[in-house]
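For reference, the structure is listed below as structure tokens.
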Amino acid sequence: MTTTLTTPLAALTSDLDATVRHAAPGLDRVDAVGEALAPYLGDPRLLSPAQCVGDPARYRQHVLHVAEDGAFSLVALVWLPGQTTPIHDHLSWCVVGVHAGEEHETRYRLDGDRLVATGEDVAGPGTVTGLLPPGDIHRVTNTAPTTTISLHVYGVDVTRLGSSIRRRYDQPEMSAKWRP
Ligand SMILES: [Fe+2]
């Protein structure tokens, strides 16, 4: 897929392409992609104004680049204050870098027919995290009073699949601290 990229965004996609193709699959690739992404986070020239626009109805995905062979996708997700994802997991490895604002992530595991919260983190600009399915059930919420933007690199072609989400979970939630 070809879109108009800013100069730093073109450099980032080039770096990601080289990294995805040279790093070994698995955790090595996730770590290497995170290292490639980190230097670009927070650069005010990285995204065009249009790529930073949110949607009052729900968090918004802007597809920034997809490798020609579908080896990876780069998207910007824009959350207005209070917007949240469903509880979900992913089809592929994923690297997330916070570009602006603040992401509150809650992680879960499935225990029978219930979701058990296993941890949470608040990530600010420059923070990079990686996900390597299975066992990556989580929810992300913008708890900041301002717009939050994060860059996501997925190991799939999101334009073919619609998104990187494998499954949504609507089972009852139980905090680990409530467990008997
Ligand atoms: Fe996710």
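D by Stokes-Einstein for the range 92-136, Kirkwood Rh over Cα pairs, 37 °C, 0.692 mPa s: 279 µm²/s.
Our coupling estimate for the range 10-18, obtained by passing each phi through the Karplus curve with A = 6.51, B = -1.76, C = 1.60 and θ = phi - 60°, is 5, 5, 4, 5, 5, 4, 5, 4, 5 Hz, Gly and Pro reported as x.
Backbone phi angles across the range 76-88, fed through the Karplus curve with coefficients 6.51, -1.76 and 1.60 (θ = phi - 60°), yield HN-Hα couplings of 10, 9, 10, 10, 7, x, x, 6, 9, 8, x, 6, 7 Hz in residue order; Gly and Pro are listed as x. By the count of other C-beta atoms within 10 Å, a proxy for reagent exposure, L12, L115 are ordered fewest to most as L115, L12.
Database remark: amide H of T118 closer than 5 angstrom to the amide H of R107, Y108, R109 (H placed geometrically; neighbours at sequence offset of 5 or more, or on other chains; Pro and chain starts carry no H). Our coupling estimate for the range 146-163, obtained by passing each phi through the Karplus curve with A = 6.51, B = -1.76, C = 1.60 and θ = phi - 60°, is 10, 5, 10, 10, 10, 9, 10, 10, 10, x, 9, 8, 6, 6, 7, 9, x, 6 Hz, Gly and Pro reported as x.
Within the range 36-121, report the trypsin sites (Lys or Arg not before Pro) that DSSP leaves as loop and that have at most 15 other Cβ atoms within 10 Å.
Filter output for the range 36-121: R45, R58.
Viscosity 0.692 mPa s, temperature 37 °C: what is the translational diffusion coefficient of the chain from Stokes-Einstein with a Kirkwood Rh over Cα pairs, rounded to a whole number of µm²/s?
Details: Rh = 16.7 Å.
Reported coefficient: 197 µm²/s.
Where only DSSP H runs of four or more residues are counted, the chain gives -5000 deg cm²/dmol as its mean residue ellipticity at 222 nm, each run worth -39500 (n - 2.57).
Values quoted throughout were computed directly from the atomic coordinates according to the rules given, and no laboratory measurement underlies them. Please read these numbers as outputs of a predicted model, since none were measured by experiment. FYI the Cβ positions are ideal-geometry reconstructions off the backbone, even for glycines, and counts take in every protein chain you see.
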